[in-house]
1. Does region 175-196 include one or more residues that are within 16 Å of ligand 1 (Cβ to nearest atom), in a loop (DSSP other than H, G, I, E, B), surrounded by 21 or more Cβ atoms within 10 Å (Cβ to Cβ) and among the β-branched types (Val, Ile, Thr)?
2. Counting only residues that are under 19 Å from Val101 (Cα atoms) and away from ligand 1 (no atom under 16 Å from the Cβ), which one in region 210-236 is modelled with the lowest pLDDT?
3. Counting only residues that are within 16 Å of ligand 1 (Cβ to nearest atom) and of a type in the set (Gly, Ala, Ser), which one in region 283-323 is nearest to Ala246 (Cα to Cα)?
4. So how many residues does region 143-163 have that are over 19 Å from Thr188 (Cβ atoms) and part of a helix (DSSP H, G or I)?
5. List every residue pair whose Cβ atoms sit under 7 Å apart, with the two residues 6 or more apart in sequence or on different chains, where the first one lies in region 28-54 and is free of Cβ contacts under 8 Å to residues at least 12 places away in the same chain and the second, anywhere, is of a type outside the set (S, T, N, Q) and within 6 Å of ligand 1 (Cβ to nearest atom).
6. Looking at Arg96 and the list (1) touching a Phe, Trp or Tyr at 6+ places or on another chain (Cβ under 8 Å); (2) away from ligand 2 (no atom under 16 Å from the Cβ), which single condition is not satisfied?
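The values are calculated or read from the model by the stated rules, or taken from the named source; none is laboratory data. What you are looking at is a predicted structure, and each value in this text was computed from that prediction instead of being measured. We place every Cβ from the backbone using ideal geometry, glycine too, and count neighbours over all the protein chains shown.
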Amino acid sequence: MEAVHPAPLLEIEGLTVVFRRERERFFAVEGLDLAVGRGETVGLVGESGCGKTVTALAVMGLLPRPAAGIAAGRIRFDGIELADPRAGYPPGIRGRRAAMVFQEPLTSLNPVLAVGEQIAEVLRFHLGLPAGQARERARALLAEVRLSRPAERLGDYPHRLSGGERQRVMIAIALACSPDLLIADEPTTALDVTVQAQILGLLGELKRRRRLAVLYITHDLGLVSRIAERVAVMYAGQLVEAGPAAAVLKQPLHPYTRALLAALPGPHKRGRRLAAIPGAVPHPGARPEGCAFHPRCPLALASCRRERPPLACAPGGRAVRCPVTAGIPAPEGPRS
Ligand SMILES: Nc1ncnc2c1ncn2[C@@H]1O[C@H](COP(=O)(O)OP(=O)(O)OP(=O)(O)O)[C@@H](O)[C@H]1O
Ligand SMILES: [Mg+2]
């Protein structure tokens with residue numbers, strides 16, 4: 001009998017997000033396809049402004065309105081449509097079955113409410129737990145995210161915690177209702193490398209224990225190899241490469257992914273100048289004709305200036321938006 005593949009938990013198809021401001025109109029995300037399976041971690045990678053957070057906000061139904069809207073595409077969560085403009089965002093998903101951890105915990109936490117109260121509030125609101133039970137569960141959640149002396153910390157205000165501790169509290173809040181999907185948007189960028197490693201370790205442990213699906217957003221391709229099974233690379237609002245993390249990191253196909261890898265520091269590159277990517281990500285309102293990456297691409301052909309390449313399948317469950325390198329692995333592998 002043929003194996004039946006269950007549908008992914010999160011399925012994004014052709015997602016296009018438009019921003020409108022006075023006479024300006026631009027697509028922050030364009031035709032994005034992305035899937036996250038149950039218990040799977042997918043790394044969503046790209047430079048600043050490429051549309052990672054906008055993608056996450058679309059999934060959570062938190063796009064800033066009326067400036068932003070979903071112009072096209074579908075987002076299905078466990079088979080439930082999240083992007084139907086007529087039906088609106090369905091109840092019971094956000095904060096309950098899908099939760100998000102933001103980059104800067106200080107702006108997401110309420111500065112005048114003790115952290116225990118903030119977790120208990122979520123439990124009362126979503127699950128209707130009585131105060132005593134909510135408090136006990138809040139303590140258990142703080143212990144689960146490995147905050148030391150959890151019972152005492154319930155009464156602490158956010159400013160008394162370190163950056164890493166605040167991020168643990170944010171993760172505890174996100175986990176409060178036992179979600180199936182956690183979207184972590186640059187959760188460790190504000191932290192030093194030691195604390196970053198601890199938070200990554202915690203996420204890995206939680207993902208295994210709770211069979212949590214994680215969409216991990218970062219600009220750091222190196223970090224992805226430590227946490228994600230699959231990786232999706234975005235550039236200027238579009239997916240340019242996707243595939244198993246190990247394969248993409250070992251043999252990146254898209255010139256942009258290759259450039260990101262070459263720009264990564266590493267022990268074997270000590271004392272050598274890192275390869276910076278020349279130029280900058282174009283603003284969505286001023287993207288060039290043809291392939292959006294062509295002005296920065298060392299391999300661009302004349303046709304790349306005119307034609308927008310489609311996302312093409314490559315062997316090994318991979319996809320790449322580049323007619324020059326599609327299916328041709330980098331001759332040198334990841335540059336070291
Ligand atoms: N509220 C907003 N109003 C207008 N434009 C916005 C708004 N939010 C995002 N954008 C634009 O949408 C594009 C994508 O932004 P997004 O925040 O998704 O980038 P990102 O990939 O998350 O970048 P970063 O790594 O800096 O967080 C950017 O060009 C940004 O200027
Ligand atoms: Mg962002």
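1. Checked region 175-196: at least one residue is within 16 Å of ligand 1 (Cβ to nearest atom), in a loop (DSSP other than H, G, I, E, B), surrounded by 21 or more Cβ atoms within 10 Å (Cβ to Cβ) and among the β-branched types (Val, Ile, Thr).
2. Arg226
3. Ala292
4. 7
5. If the second residue must be of a type outside the set (S, T, N, Q) and within 6 Å of ligand 1 (Cβ to nearest atom), no pairs are left.
6. The one condition Arg96 does not meet is (1).
Residue-by-condition table, conditions (1) at pLDDT below 95; (2) closer than 21 Å to Leu215 by Cα:
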position: Val45; (1), (2): no, yes
position: Cys50; (1), (2): yes, yes
position: Val54; (1), (2): no, yes
position: Met60; (1), (2): no, yes
position: Arg65; (1), (2): yes, no
position: Gly88; (1), (2): yes, no
position: Phe102; (1), (2): yes, yes
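Quick grid of which residues meet (1) buried (at least 18 other Cβ atoms within 10 Å of the Cβ); (2) closer than 23 Å to Glu205 by Cα; (3) within 16 Å of ligand 2 (Cβ to nearest atom):
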residue	(1), (2), (3)
Phe102	yes, yes, yes
Thr107	no, no, yes
Pro111	no, no, no
Gln118	yes, no, no
Glu121	no, no, no
His126	no, no, no
Gly132	no, no, no
Arg139	yes, yes, no
